1. Apply the Karplus curve 6.51 cos²θ - 1.76 cosθ + 1.60, θ = phi - 60°, to the phi angles in the stretch 65-82 and return the couplings in whole Hz, x for Gly and Pro.
2. About the Cα centre of the chain, what is the dipole size in debye to 20, counting +1 per Lys and Arg Cβ and -1 per Asp and Glu Cβ, all else neutral?
3. Restricting to Cα pairs below 8 Å that are 6+ residues apart, what does the relative contact order work out to for the chain? Please round to a whole percent.
4. Looking at the stretch 58-122, which GluC sites (Glu not before Pro) are DSSP coil and have at most 12 other C-beta atoms within 10 Å of their C-beta?
5. Given H placed 1.01 Å from N in the peptide plane, which residues other than close sequence neighbours of Gln134 have an amide H under 5 Å from its amide H?
6. Residue by residue, what Karplus-based ³J(HN,Hα) values in Hz, rounded to whole numbers, does the stretch 29-36 have, using 6.51, -1.76 and 1.60 with θ = phi - 60° and x for Gly and Pro?
7. Would you mind working out the accessible area per residue for the chain, using a 1.4 Å probe, and quoting it in Å²?
8. Amide H neighbours of Arg168 under 5 Å, at least 5 residues apart or on other chains, H built in the peptide plane: list them.
Amino acid sequence: MRFASFAWLVFAATSSFGQGNLWDQVSPDFSPPHLSEARLSAQQKAAVGDLLRRAPLGGWECGDDLEELIKGLRYEQIQLSDNVPTVLVEAGAGCARGGQGANGAMWLIRLDGDTPVLLAGPDHDFNGWLFSIQPQEGHGYRDVVLGWHMSARETPLSYFRFDGKLYRLIGTATITWSDDGKATIAPAAKSPN
(Lines give C-alpha, C1' and ligand atoms only; values in the text may rest on other atoms or scores of the structure.)
Protein backbone atom coordinates (compact mmCIF):
# COMPACT_ATOMS: atom_id res chain seq x y z
CA MET A 1 0.00 0.00 0.00
CA ARG A 2 2.83 2.41 0.84
CA PHE A 3 4.53 1.67 -2.47
CA ALA A 4 1.31 2.45 -4.39
CA SER A 5 0.93 5.75 -2.52
CA PHE A 6 4.57 6.62 -3.15
CA ALA A 7 4.28 5.71 -6.84
CA TRP A 8 1.18 7.89 -7.18
CA LEU A 9 2.96 10.86 -5.55
CA VAL A 10 5.96 10.47 -7.88
CA PHE A 11 3.63 10.27 -10.91
CA ALA A 12 1.63 13.33 -9.80
CA ALA A 13 4.81 15.33 -9.18
CA THR A 14 6.33 14.44 -12.54
CA SER A 15 3.05 15.16 -14.35
CA SER A 16 2.81 18.56 -12.71
CA PHE A 17 6.50 19.24 -13.42
CA GLY A 18 6.05 18.26 -17.07
CA GLN A 19 3.07 20.56 -17.46
CA GLY A 20 4.97 23.41 -15.84
CA ASN A 21 7.82 23.05 -18.32
CA LEU A 22 5.32 22.89 -21.17
CA TRP A 23 3.62 26.12 -20.07
CA ASP A 24 6.88 27.94 -19.29
CA GLN A 25 7.36 28.40 -23.03
CA VAL A 26 3.91 30.00 -23.59
CA SER A 27 3.88 33.79 -23.29
CA PRO A 28 1.10 35.12 -21.04
CA ASP A 29 1.23 38.42 -22.95
CA PHE A 30 -1.65 37.67 -25.29
CA SER A 31 -1.17 38.81 -28.85
CA PRO A 32 -3.33 36.69 -31.14
CA PRO A 33 -1.64 35.29 -34.23
CA HIS A 34 -2.56 37.18 -37.37
CA LEU A 35 -4.06 34.78 -39.87
CA SER A 36 -5.14 35.67 -43.37
CA GLU A 37 -8.16 34.35 -45.19
CA ALA A 38 -7.51 31.03 -46.93
CA ARG A 39 -8.51 31.11 -50.56
CA LEU A 40 -9.98 27.70 -51.15
CA SER A 41 -11.49 26.70 -54.45
CA ALA A 42 -15.18 25.80 -54.59
CA GLN A 43 -14.11 22.16 -54.96
CA GLN A 44 -11.90 22.35 -51.84
CA LYS A 45 -14.70 24.00 -49.81
CA ALA A 46 -17.15 21.32 -50.95
CA ALA A 47 -14.65 18.60 -49.94
CA VAL A 48 -14.16 20.23 -46.51
CA GLY A 49 -17.95 20.34 -46.09
CA ASP A 50 -18.19 16.63 -46.95
CA LEU A 51 -15.42 15.84 -44.46
CA LEU A 52 -17.10 17.81 -41.67
CA ARG A 53 -20.50 16.21 -42.33
CA ARG A 54 -18.85 12.90 -41.34
CA ALA A 55 -16.79 14.25 -38.43
CA PRO A 56 -18.23 14.26 -34.90
CA LEU A 57 -18.96 17.69 -33.46
CA GLY A 58 -17.97 16.90 -29.90
CA GLY A 59 -20.39 18.60 -27.52
CA TRP A 60 -21.87 20.97 -30.09
CA GLU A 61 -25.51 20.18 -30.86
CA CYS A 62 -26.25 21.19 -34.44
CA GLY A 63 -28.83 18.61 -35.52
CA ASP A 64 -30.70 20.04 -38.51
CA ASP A 65 -28.46 23.15 -38.53
CA LEU A 66 -25.42 21.27 -39.87
CA GLU A 67 -25.83 22.64 -43.41
CA GLU A 68 -26.04 26.20 -42.04
CA LEU A 69 -22.89 25.52 -40.03
CA ILE A 70 -21.04 24.38 -43.16
CA LYS A 71 -22.23 27.42 -45.17
CA GLY A 72 -20.99 29.78 -42.44
CA LEU A 73 -17.49 28.34 -41.97
CA ARG A 74 -14.49 30.70 -41.87
CA TYR A 75 -11.25 29.55 -43.48
CA GLU A 76 -7.85 30.97 -42.49
CA GLN A 77 -4.31 30.04 -43.49
CA ILE A 78 -2.34 28.81 -40.51
CA GLN A 79 1.40 28.19 -40.75
CA LEU A 80 1.93 24.97 -38.81
CA SER A 81 4.43 23.30 -41.14
CA ASP A 82 7.01 24.78 -43.46
CA ASN A 83 5.97 22.69 -46.44
CA VAL A 84 2.38 21.54 -45.87
CA PRO A 85 -0.62 23.84 -46.46
CA THR A 86 -2.92 23.86 -43.45
CA VAL A 87 -6.17 25.68 -42.80
CA LEU A 88 -7.89 26.69 -39.57
CA VAL A 89 -11.64 26.29 -40.08
CA GLU A 90 -13.92 27.99 -37.56
CA ALA A 91 -17.66 27.80 -37.08
CA GLY A 92 -19.44 31.06 -37.78
CA ALA A 93 -22.46 32.31 -35.84
CA GLY A 94 -24.91 29.54 -35.03
CA CYS A 95 -25.04 26.13 -33.45
CA ALA A 96 -21.30 25.57 -32.97
CA ARG A 97 -20.39 28.96 -31.53
CA GLY A 98 -21.14 30.31 -28.07
CA GLY A 99 -23.54 33.18 -27.55
CA GLN A 100 -20.73 35.70 -26.91
CA GLY A 101 -19.06 34.67 -30.15
CA ALA A 102 -15.64 34.00 -28.62
CA ASN A 103 -15.86 30.22 -28.22
CA GLY A 104 -16.57 27.93 -31.11
CA ALA A 105 -15.91 24.65 -32.85
CA MET A 106 -12.61 24.58 -34.73
CA TRP A 107 -10.87 22.24 -37.12
CA LEU A 108 -7.31 22.01 -38.42
CA ILE A 109 -7.21 20.66 -41.95
CA ARG A 110 -4.29 19.75 -44.17
CA LEU A 111 -4.92 20.17 -47.88
CA ASP A 112 -3.54 17.49 -50.15
CA GLY A 113 -4.55 19.19 -53.40
CA ASP A 114 -8.34 19.11 -53.34
CA THR A 115 -8.43 16.46 -50.61
CA PRO A 116 -8.81 17.72 -47.02
CA VAL A 117 -7.32 15.68 -44.16
CA LEU A 118 -8.61 16.30 -40.64
CA LEU A 119 -5.81 17.03 -38.13
CA ALA A 120 -7.96 18.28 -35.21
CA GLY A 121 -11.61 18.87 -34.43
CA PRO A 122 -14.11 19.48 -31.64
CA ASP A 123 -14.39 15.78 -30.83
CA HIS A 124 -10.73 16.04 -29.69
CA ASP A 125 -11.47 19.11 -27.50
CA PHE A 126 -10.30 21.48 -30.26
CA ASN A 127 -12.69 24.31 -29.37
CA GLY A 128 -12.53 27.93 -28.29
CA TRP A 129 -10.27 30.48 -29.99
CA LEU A 130 -6.67 30.55 -31.17
CA PHE A 131 -4.36 31.80 -28.39
CA SER A 132 -0.94 31.04 -29.89
CA ILE A 133 1.12 28.99 -32.30
CA GLN A 134 4.23 27.70 -30.55
CA PRO A 135 7.65 27.18 -32.16
CA GLN A 136 7.85 23.68 -30.61
CA GLU A 137 6.58 20.93 -32.85
CA GLY A 138 5.63 17.30 -33.09
CA HIS A 139 6.14 15.29 -36.28
CA GLY A 140 6.79 18.44 -38.33
CA TYR A 141 3.76 20.49 -37.16
CA ARG A 142 3.95 23.37 -34.67
CA ASP A 143 2.12 23.15 -31.34
CA VAL A 144 -1.13 25.10 -30.91
CA VAL A 145 -2.63 26.70 -27.79
CA LEU A 146 -6.36 27.45 -27.62
CA GLY A 147 -8.25 29.60 -25.16
CA TRP A 148 -11.80 29.29 -23.86
CA HIS A 149 -13.40 32.61 -22.88
CA MET A 150 -14.77 32.46 -19.33
CA SER A 151 -14.38 35.97 -17.89
CA ALA A 152 -12.33 39.14 -18.13
CA ARG A 153 -10.00 37.85 -15.39
CA GLU A 154 -9.27 34.23 -16.31
CA THR A 155 -9.22 31.94 -19.31
CA PRO A 156 -8.64 28.19 -19.49
CA LEU A 157 -5.94 27.24 -22.01
CA SER A 158 -5.44 23.95 -23.87
CA TYR A 159 -2.11 22.89 -25.37
CA PHE A 160 -2.15 20.63 -28.48
CA ARG A 161 0.67 18.70 -30.16
CA PHE A 162 0.59 16.70 -33.39
CA ASP A 163 1.26 12.98 -32.82
CA GLY A 164 1.83 12.03 -36.47
CA LYS A 165 -1.89 11.59 -37.19
CA LEU A 166 -3.90 14.08 -35.10
CA TYR A 167 -3.41 17.01 -32.77
CA ARG A 168 -3.82 15.76 -29.19
CA LEU A 169 -4.48 17.69 -26.00
CA ILE A 170 -1.31 17.36 -23.90
CA GLY A 171 -1.74 20.07 -21.27
CA THR A 172 -4.17 22.48 -19.67
CA ALA A 173 -3.65 25.67 -17.71
CA THR A 174 -5.42 28.86 -16.68
CA ILE A 175 -4.25 32.34 -17.53
CA THR A 176 -5.24 34.97 -14.95
CA TRP A 177 -5.03 38.75 -15.21
CA SER A 178 -4.42 40.85 -12.09
CA ASP A 179 -5.91 44.29 -11.43
CA ASP A 180 -2.83 45.91 -12.96
CA GLY A 181 -3.20 43.84 -16.16
CA LYS A 182 -0.32 41.44 -15.50
CA ALA A 183 -1.00 37.95 -16.80
CA THR A 184 0.22 34.67 -15.31
CA ILE A 185 -0.26 31.10 -16.50
CA ALA A 186 -0.85 28.37 -13.92
CA PRO A 187 -0.62 24.78 -15.23
CA ALA A 188 -3.32 22.33 -14.23
CA ALA A 189 -2.34 19.95 -11.45
CA LYS A 190 -2.55 16.90 -13.69
CA SER A 191 -2.24 16.04 -17.35
CA PRO A 192 -5.47 15.69 -19.37
CA ASN A 193 -4.35 12.30 -20.71
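1. Each residue of the stretch 65-82 in turn: 8, 4, 5, 5, 4, 5, 5, x, 5, 10, 10, 10, 6, 10, 8, 9, 9, 5 Hz.
2. It comes to approximately 420 debye.
3. Relative contact order here is 19 percent.
4. Glu61
5. Amide H to amide H, under 5 Å and 5 or more residues apart or across chains, Gln134 pairs with Asp143, Val144, Val145.
6. Going residue by residue, I get 7, 5, 9, x, x, 8, 10, 9 Hz, with x marking Gly and Pro.
7. Accessible surface, normalised per residue, equals 55 Å².
8. For Arg168, whose amide H was placed from the backbone, the distant partners under 5 Å are Arg161, Phe162, Asp163.
The values are calculated or read from the model by the stated rules, or taken from the named source; none is laboratory data. All of these numbers come straight from a predicted model, not from anything done at the bench. We place every Cβ from the backbone using ideal geometry, glycine too, and count neighbours over all the protein chains shown. Note: areas computed on protein heavy atoms with side chains; ligands, DNA, RNA excluded. Shrake-Rupley method; radii C 1.70, N 1.55, O 1.52, S 1.80 Å.
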